[in-house]
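Undergrad: Dumping the structure here so I can ask a few things about it.
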Amino acid sequence: MTVFFCVGSEKSGTTLLARMLDQHPEVACLWESYAFRPGSRASIFNPDSEKWRRHGFSESDVRRWSRIWNAQPQAFFRRTLNRLTDNSLFTTSCFRQTMPPALADFARRCNASVAGDKWPGHIRYLDTLLSVFPDVRIIYNVRDPRALWNSAQRFKDRRRGDELLNLMLENDERIRPHLERPNFLTVRYEDLVCETEETVRRMYEFLGCDFSTRYLRYDPQGDPYPDRWNWVPEARGRIDPSHAFKWKETVDPADIARITTTASSFMDHHGYGR
């Protein structure tokens with residue numbers, strides 16, 4: 001089984017990217033497992049979460065996986081060991097015992113030979129992903145910083161533009177040393193929505209899958225677990241290329257100039273014009 005993870009930053013378009021991958025009949029993609037936050041209400045490893053039900057996991061498996069994570073040493077001892085060893089042995093051990101069987105189970109139920117997880121937060125655990133899955137494929141989703149800022153600023157009027165822009169730049173520094181490896185693929189949101197066919201073809205080839213234009217259309221009738229997506233409007237609707245450039249109409253010129261200066265290295269590296 002080929003394993004992949006979709007990583008990036010919030011508001012960079014990872015949900016749409018994951019949906020396009022999952023539409024391939026050989027691919028099964030979890031929607032944000034929150035695997036490294038097993039206590040979160042969004043984690044598939046939390047029995048109190050609805051997330052595992054949306055993916056069809058059995059309660060007995062989830063409770064067993066939860067016990068593995070909850071058996072970690074107390075936080076003080078865990079932090080002390082982390083400082084001494086420069087890594088989280090317990091986190092890696094728990095992930096190794098829970099994520100491979102979860103992906104294998106999901107792939108089996110979806111009749112897929114390729115399985116993965118879309119969660120931007122995985123970008124903070126690259127060493128663990130590479131340790132547990134040595135042959136893993138990593139798809140890194142990036143977006144024009146001005147567009148990401150605009151989306152984060154306007155989403156539910158939360159005004160998180162600067163926060164998520166800075167987080168995106170931190171994440172990019174974290175992953176950039178890995179990007180020349182053959183098992184890492186960078187996908188720009190703008191290419192996904194404006195040159196969908198060619199971009200999706202490239203992603204499928206990266207995962208060792210064939211391509212057909214019929215895989216570009218989402219059909220909930222053929223989705224064994226449509227509840228993963230049905231509450232996320234962007235995951236079910238048609239692809240609208242205009243979303244890539246809305247920022248040009250709504251972002252103040254002063255903010256555009258400031259963002260461009262702040263993110264200049266990112267923009268140069270990923271081919272975004274000034």
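The values are calculated or read from the model by the stated rules, or taken from the named source; none is laboratory data. No experiment lies behind these values; they were computed from the predicted model shown. Here the Cβ is made from the backbone with ideal geometry for all residues, glycine too, and neighbour counts use every protein chain on show.
Undergrad: Would you mention how many residues in the stretch 1-24 are at pLDDT below 95 and farther than 29 Å from L169 by Cα?
TA: Qualifying residue count for the region: 1.
Residue-wise test of (1) touching a Cys at 6+ places or on another chain (Cβ under 7 Å); (2) surrounded by fewer than 24 Cβ atoms within 10 Å (Cβ to Cβ); (3) farther than 15 Å from C110 by Cα.
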| position | (1), (2), (3) |
| --- | --- |
| E10 | no, yes, yes |
| A28 | yes, no, no |
| S33 | no, no, yes |
| F36 | no, yes, yes |
| G56 | no, yes, no |
| E59 | no, yes, yes |
| R64 | no, yes, yes |
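Undergrad: Could I ask something else about it? Output the residue which, of all residues in the stretch 104-115 that are part of a helix (DSSP H, G or I) and aliphatic (A, V, I, L, M), is farthest from D61 (Cα to Cα). Steps first, answer last, please.
TA: Of all residues in the stretch 104-115, those part of a helix (DSSP H, G or I) come to 104-110.
Of the ones still in play, those that are also aliphatic (A, V, I, L, M) are 104, 107.
Values: A104: 12, A107: 15 Å.
The extreme case among them is A107.
Undergrad: While we're on this one: Filter the stretch 259-274 down to the residues that are within 23 Å of the chain's Cα centre (by Cα) and surrounded by 16 or more Cβ atoms within 10 Å (Cβ to Cβ) and list them by number.
TA: Scanning the stretch 259-274 gives A263, F266, M267, H270, Y272.
Undergrad: Please specify each residue of the stretch 190-224 satisfying the condition of being among the β-branched types (V, I, T) and either touching a Cys at 6+ places or on another chain (Cβ under 7 Å) or exposed (fewer than 12 other Cβ atoms within 10 Å of the Cβ) (or both).
TA: Residues of the stretch 190-224 among the β-branched types (V, I, T): 193, 196, 199-200, 213.
Hit for the stretch 190-224 is T213, nothing else.
Okay, residues lined up against (1) assigned to a helix (DSSP H, G or I); (2) of a type in the set (V, I, T):
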| position | (1), (2) |
| --- | --- |
| D117 | no, no |
| S131 | yes, no |
| N141 | no, no |
| Q153 | yes, no |
| I175 | yes, yes |
| P182 | no, no |
| T186 | no, yes |
| R214 | yes, no |
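Undergrad: What residue, among those in the stretch 29-87 that are assigned to a loop (DSSP other than H, G, I, E, B) and modelled with pLDDT under 90, is nearest to R124 (Cα to Cα)?
TA: Going residue by residue through the stretch 29-87, those that are assigned to a loop (DSSP other than H, G, I, E, B) are 32-50, 55-58, 71-74, 86-87.
Then keep just the ones that are modelled with pLDDT under 90; that gives 71-74, 86-87.
Details: A71: 22, Q72: 20, P73: 21, Q74: 22, D86: 14, N87: 12 Å.
Among those residues, the one meeting the criterion is N87.
Undergrad: Continuing with this model, one more query. Please count how many residues of the stretch 132-161 are at pLDDT 95 or above and either more than 18 Å from T261 (Cα to Cα) or in contact with a strand residue (DSSP E or B) (Cβ under 6 Å, 6 or more places away or on another chain) (or both).
TA: Residues flagged as at pLDDT 95 or above and either more than 18 Å from T261 (Cα to Cα) or in contact with a strand residue (DSSP E or B) (Cβ under 6 Å, 6 or more places away or on another chain) (or both) within the stretch 132-161 amount to 11.
Matching residues to (1) modelled with pLDDT of 90 or more; (2) touching a Ser or Thr at 6+ places or on another chain (Cβ under 8 Å); (3) in a helix (DSSP H, G or I); (4) more than 21 Å from A18 (Cβ to Cβ):
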site	(1), (2), (3), (4)
W231	no, no, no, no
E234	no, yes, yes, no
R238	no, no, no, no
H243	no, no, yes, no
E249	yes, no, yes, yes
I256	yes, no, yes, yes
T260	yes, no, yes, yes
M267	yes, yes, yes, yes
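Undergrad: Which of the following residues is at pLDDT 95 or above and either of a type in the set (K, R) or at negative phi (or both): L192, L164? Reasoning before the result, please.
TA: Numbers: L164 fails: at pLDDT 95 or above.
Being at pLDDT 95 or above and either of a type in the set (K, R) or at negative phi (or both) holds for just one of L192, L164, which is L192.
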